[in-house]
Amino acid sequence: MLTLAATATHTGSAAGMIILILAVVTLGYLAACMIRPFRRCRRCHGIGRRRSLILRVGRTCRRCDGNGEHLRTGRVAINYLRELHDKGTPR
Ligand SMILES: [Zn+2]
């Protein structure tokens, strides 16, 4: 009986630790998105041009429009929430 009580206490602590770790990772990712909002395009590896499959002709990357970089997913979410907040604020 004493062992079960100790096990129950240990499980609650582990769940709290997991929530704490997830919160730290999430806040760290959001901070990274604020500091460096762009990431390198995975399709063209940051070059902005790709070779076509059939003729191997160099063309502008359609995914990044030739910029070679993308907005990070977290930054897209931050921009969406900021726009939503600005629309809802009366002026
Ligand atoms: Zn690209």
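Computed from the coordinates by the stated procedures, all read-outs in this text should not be read as laboratory data. Worth saying up front: this structure is predicted, and the values here are computed from it rather than measured. So basically every Cβ, Gly included, is an ideal-geometry build from the backbone, and we count neighbours across all protein chains shown.
The set of residues from region 30-63 being among the hydrophobic types (A, V, I, L, M, F, W, C) and in contact with a His (Cβ under 6 Å, 6 or more places away or on another chain) comprises just one member, 41. Among the criteria (1) in contact with a Cys (Cβ under 6 Å, 6 or more places away or on another chain); (2) charged (D, E, K, R); (3) loosely packed, with under 10 Cβ neighbours inside 10 Å, the one residue 75 does not fulfil is (3). Scanning region 83-90 turns up no residue that is hydrophobic (A, V, I, L, M, F, W, C), more than 8 Å from the ligand (Cβ to nearest atom) and surrounded by 14 or more Cβ atoms within 10 Å (Cβ to Cβ).
Screening 82, 56, 49 for residues that are among the basic types (Lys, Arg) and touching a strand residue (DSSP E or B) at 6+ places or on another chain (Cβ under 8 Å) leaves exactly one candidate, 49. The set of residues in region 50-68 being assigned to a strand (DSSP E or B) and either β-branched (Val, Ile, Thr) or surrounded by 14 or more Cβ atoms within 10 Å (Cβ to Cβ) (or both) consists of 50, 60.
Checking each residue in region 48-65 for being of a type outside the set (Lys, Arg) and more than 7 Å from the ligand (Cβ to nearest atom) picks out 52, 53, 54, 55, 57, 58, 60, 65.
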